[in-house]
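**Q** Sharing a structure below in structure tokens format, with a few things to ask.
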Amino acid sequence: MIELLILFELENKVLTMYGISKEIRSTFSVLTTPSYGTIKPALNRLEKSGYVKTQKNMSSGGRPSVYYSITPEGKKELVKLIITPPQENPIQFLTTARIKLACADLLNESELKIMLNQLKFKAESILSDIKVLQTNKDLSFYPRMVFDNLMCEYKNFISLIEGFKYAGNN
């Protein structure tokens with residue numbers, strides 16, 4: 001997921017690692033806040049794969065600064081990361097799905113439909129699993145309330161997806 005965030009922030013900007021971190025926090029802080037220890041290795045992987053390139057410049061203070069920019073291959077990878085089917089476990093799914101939705105402006109109409117269908121299918125699958133768990137297990141008050149709340153979250157998420165699909169058809 002960190003690669004998607006980095007490429008998204010580099011889509012229209014050239015940034016230092018600090019700038020990437022700052023932009024990710026500015027855009028996605030309510031969903032995730034990756035550390036430098038997560039960003040640096042991801043940048044190295046992206047550079048080795050040819051998805052980002054670096055340029056070293058001297059800063060105004062006389063220190064070398066490394067600037068990162070996205071390559072044409074990186075733009076293709078960004079779209080691929082957005083539309084890749086979600087494989088995360090249920091605890092990570094909603095955060096990952098919301099990040100993908102926040103990046104959806106970069107997709108064309110057919111890519112958007114693919115992503116929305118994948119996210120809806122996975123959300124419905126998790127919702128079904130929650131219902132089975134509640135039916136097959138005698139839960140005490142607190143677990144039942146937690147799972148009821150989780151069902152509401154997934155139902156709301158599915159409604160959000162349906163709203164996006166409806167808006168796309170108009």
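**Q** Within the stretch 1-35, count every residue that is within 15 Å of TYR67 (Cα to Cα), of a type outside the set (Asp, Glu) and open to solvent by 40 Å² or more (accessible area, probe 1.4 Å).
**A** 6
**Q** So which of LEU127, LEU133, LEU139 is surrounded by 13 or more Cβ atoms within 10 Å (Cβ to Cβ) and over 18 Å from ASN89 (Cβ atoms)?
**A** Just a single option satisfies the conditions, and that option is LEU139.
**Q** Here's another thing I want to ask about it. How about the stretch 99-117: which of its residues are among the acidic types (Asp, Glu) and surrounded by 13 or more Cβ atoms within 10 Å (Cβ to Cβ)?
**A** Matches in the stretch 99-117: GLU111 only.
**Q** Can you tell me which of (1) within 25 Å of ALA167 (Cα to Cα); (2) open to solvent by 30 Å² or more (accessible area, probe 1.4 Å); (3) in a helix (DSSP H, G or I) is the one THR96 doesn't meet?
**A** Here THR96 clears every test but (2).
**Q** Select from the stretch 142-170 the residues that are closer than 25 Å to PRO85 by Cβ, of a type in the set (A, V, I, L, M) and exposed (fewer than 13 other Cβ atoms within 10 Å of the Cβ) and list them in ascending order.
**A** Answer for the stretch 142-170, where residues must be closer than 25 Å to PRO85 by Cβ, of a type in the set (A, V, I, L, M) and exposed (fewer than 13 other Cβ atoms within 10 Å of the Cβ): just ALA167.
**Q** What pairs come up if the first residue lies in the stretch 123-142 and is closer than 30 Å to LEU101 by Cβ and of a type in the set (Val, Ile, Thr), the second is at pLDDT below 90 and surrounded by 12 or more Cβ atoms within 10 Å (Cβ to Cβ), and their beta carbons are under 8 Å apart, counting only those six or more places apart or on different chains?
**A** ILE126/PRO90
**Q** Only one of (1) open to solvent by less than 70 Å² (accessible area, probe 1.4 Å); (2) assigned to a helix (DSSP H, G or I) fails for GLU47. Which number is that?
**A** Just one mismatch for GLU47, condition (1).
**Q** Does the stretch 137-144 include one or more residues that are modelled with pLDDT under 90 and aliphatic (A, V, I, L, M)?
**A** Yes, because at least one residue in the stretch 137-144 is modelled with pLDDT under 90 and aliphatic (A, V, I, L, M).
**Q** Hey, another quick one. Looking at the stretch 76-86, is at least one residue out of contact with any helix residue (DSSP H, G or I) (no Cβ under 8 Å at 6 or more places or on another chain), of a type in the set (Lys, Arg) and within 25 Å of THR32 (Cα to Cα)? So that I can check it myself, show each step before the final result.
**A** The first filter runs over the stretch 76-86 and keeps only residues out of contact with any helix residue (DSSP H, G or I) (no Cβ under 8 Å at 6 or more places or on another chain), leaving 76, 80, 84.
In the following step, the residues that additionally are of a type in the set (Lys, Arg) were identified as 76, 80.
From the residues that got through so far, the ones that are within 25 Å of THR32 (Cα to Cα) too are 76, 80.
Yes - at least one qualifying residue is present in the stretch 76-86.
**Q** Does THR38 count as open to solvent by 20 Å² or more (accessible area, probe 1.4 Å), over 16 Å from GLU9 (Cα atoms) and part of a helix (DSSP H, G or I)?
**A** no
**Q** While we're here: Cβ-Cβ under 9 Å, sequence separation 6+ or interchain: first residue in the stretch 62-77 and assigned to a loop (DSSP other than H, G, I, E, B), partner at pLDDT 95 or above and open to solvent by 50 Å² or more (accessible area, probe 1.4 Å). Which pairs?
**A** Sorted first by the residue in the stretch 62-77, then by its partner, the pairs are THR71/TYR51; THR71/LYS53.
**Q** Given the criterion within 30 Å of LYS75 (Cβ to Cβ), of a type in the set (Val, Ile, Thr) and assigned to a helix (DSSP H, G or I), identify the matching residue among ILE126, ILE130, ILE161.
**A** The unique qualifying residue is ILE161.
**Q** Hey, another quick one. Suppose the filter is β-branched (Val, Ile, Thr) and open to solvent by less than 60 Å² (accessible area, probe 1.4 Å); does ILE83 pass it?
**A** yes
**Q** What number of residues within the stretch 50-77 satisfy the criterion of being under 18 Å from GLU9 (Cβ atoms) and loosely packed, with under 10 Cβ neighbours inside 10 Å?
**A** 1
The values are calculated or read from the model by the stated rules, or taken from the named source; none is laboratory data. Just so it is clear, the structure is predicted and the values come from calculations on it, not from any experiment. Because the Cβ atoms are built from the backbone with ideal geometry, glycine has one as well, and the counts that use them run over all protein chains shown. Side chains are part of the model used for accessible areas, which takes the heavy atoms of the whole protein and leaves out ligands, DNA and RNA. Shrake-Rupley method; radii C 1.70, N 1.55, O 1.52, S 1.80 Å.
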